[in-house]
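Enquirer: Pasting a structure here, questions to come.
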Amino acid sequence: SAVNVLTDPSFELNPLTTLSNVLTNIPAFQGQWGHENSTIWTGPDGFVNPDSFSRMLKVDLGGNYSQTGQCIDVSAYAADIDAGNVLVAMGAMFNADLPAADGSASLSFIDSSGLFGNFTGPDLATGNVTLDALASTWQPIGLGNTMPAGTRWLFFQVAYRDATLIDGQGQSGFGYVDSAIVDVMVVPEPTTLVALSLVGMLALRRRA
């Protein structure tokens, strides 16, 4: 069965550190959320309620993108990763209090050096996904595929494109993220079809 390898996937337990800390010292900050222009919000915020439990990530305007990410040690799966037997599905639930906000999720694969930039393959990235204008609905954004050989660390990131957090009258708003997932599954003979089917777990395991 798939295992969600994220720490604190619903932003309930740990204080945020900076994104720079996470990316420049992966081993020291593994399992900790690093952010740009975000806060942990408790309870409802206007018409937006947390998707799971009592807290959610609230994303404010920054520069081009406002990003929050976490590094994950997957060295325990090393043999199966190198054999091509590990599938990964990543994503989260997204919401916004204004129309046409763009959210995205991505996953970077890093080698045993633990240095961001030493990648074992291309990122798994959703690109910008435009959310609906309903604050009452959370929307899943995510993808799945086979983990590249040599991978020992993952960097998972959620983001909003800042230009889309401004409404037609020039008023800024907020994007929200909750119920994040980086699901890892070991299978004897993975296929792209099986990998993509894991994305459905975003809806089934939202409260993991």
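The values are calculated or read from the model by the stated rules, or taken from the named source; none is laboratory data. Remember, it's a predicted structure, so these values are computed and weren't measured experimentally. Ideal geometry is used to build each Cβ from the backbone, glycine not excepted, and the neighbour counts take in all protein chains shown. SASA here: full protein model, heavy atoms, side chains in, ligands and nucleic acids out. Shrake-Rupley method; radii C 1.70, N 1.55, O 1.52, S 1.80 Å.
Enquirer: Select from segment 152-176 the residues that are in a strand (DSSP E or B), hydrophobic (A, V, I, L, M, F, W, C) and open to solvent by less than 10 Å² (accessible area, probe 1.4 Å) and write down the one among them that is nearest to ALA76 (Cα to Cα).
Expert: Taking segment 152-176 as the starting set, the residues that turn out to be in a strand (DSSP E or B) are 153-161, 166, 172, 175-176.
Narrowing the set further to residues that are hydrophobic (A, V, I, L, M, F, W, C) leaves 153-156, 158-159, 166.
Then keep just the ones that are open to solvent by less than 10 Å² (accessible area, probe 1.4 Å); that gives 154-156, 158-159.
On the way: LEU154: 12, PHE155: 16, PHE156: 18, VAL158: 24, ALA159: 28 Å.
This residue is LEU154.
Enquirer: Also, quick follow-up: If you check ALA195, ALA149, ALA208, which single one turns out to be among the small types (Gly, Ala, Ser), part of a loop (DSSP other than H, G, I, E, B) and modelled with pLDDT under 95?
Expert: Values: ALA195 fails: part of a loop (DSSP other than H, G, I, E, B); ALA149 fails: modelled with pLDDT under 95.
Of the residues listed, the single one that is among the small types (Gly, Ala, Ser), part of a loop (DSSP other than H, G, I, E, B) and modelled with pLDDT under 95 is ALA208.
Enquirer: Residues being touching a residue at least 60 places away in the same chain (Cβ under 8 Å), under 26 Å from ASP178 (Cα atoms) and either open to solvent by less than 20 Å² (accessible area, probe 1.4 Å) or not hydrophobic (A, V, I, L, M, F, W, C) (or both): count how many of those fall in segment 106-134. Working first, answer last.
Expert: Kept after step one, since they are touching a residue at least 60 places away in the same chain (Cβ under 8 Å), are these residues of segment 106-134: 107, 110, 114-116.
Narrowing the set further to residues that are under 26 Å from ASP178 (Cα atoms) leaves 107, 110, 116.
Now drop any that are not either open to solvent by less than 20 Å² (accessible area, probe 1.4 Å) or not hydrophobic (A, V, I, L, M, F, W, C) (or both), which leaves 107, 110.
Adding up the residues that qualify gives 2.
Enquirer: Out of (1) of a type in the set (A, V, I, L, M, F, W, C); (2) open to solvent by 20 Å² or more (accessible area, probe 1.4 Å); (3) farther than 17 Å from ASP51 by Cβ, what's the single condition that is false for LEU98?
Expert: Against the list (1) of a type in the set (A, V, I, L, M, F, W, C); (2) open to solvent by 20 Å² or more (accessible area, probe 1.4 Å); (3) farther than 17 Å from ASP51 by Cβ, LEU98 comes up short only on (2).
Enquirer: Are any residues in segment 10-40 in a loop (DSSP other than H, G, I, E, B), open to solvent by 50 Å² or more (accessible area, probe 1.4 Å) and more than 18 Å from ALA159 (Cβ to Cβ), and if so, which ones?
Expert: Result: LEU13, ASN14, PRO15, ASN25, GLN30.
Enquirer: Also, I was wondering about something else. Please indicate, with yes or no, whether at least one residue in segment 76-90 is in a strand (DSSP E or B), open to solvent by 50 Å² or more (accessible area, probe 1.4 Å) and either under 25 Å from TRP153 (Cα atoms) or aliphatic (A, V, I, L, M) (or both).
Expert: Restricting attention to segment 76-90, the residues satisfying the condition of being in a strand (DSSP E or B) are 86-90.
From what is left, the residues that are open to solvent by 50 Å² or more (accessible area, probe 1.4 Å) are none.
Looking for residues that are in a strand (DSSP E or B), open to solvent by 50 Å² or more (accessible area, probe 1.4 Å) and either under 25 Å from TRP153 (Cα atoms) or aliphatic (A, V, I, L, M) (or both), one finds none in segment 76-90, hence no.
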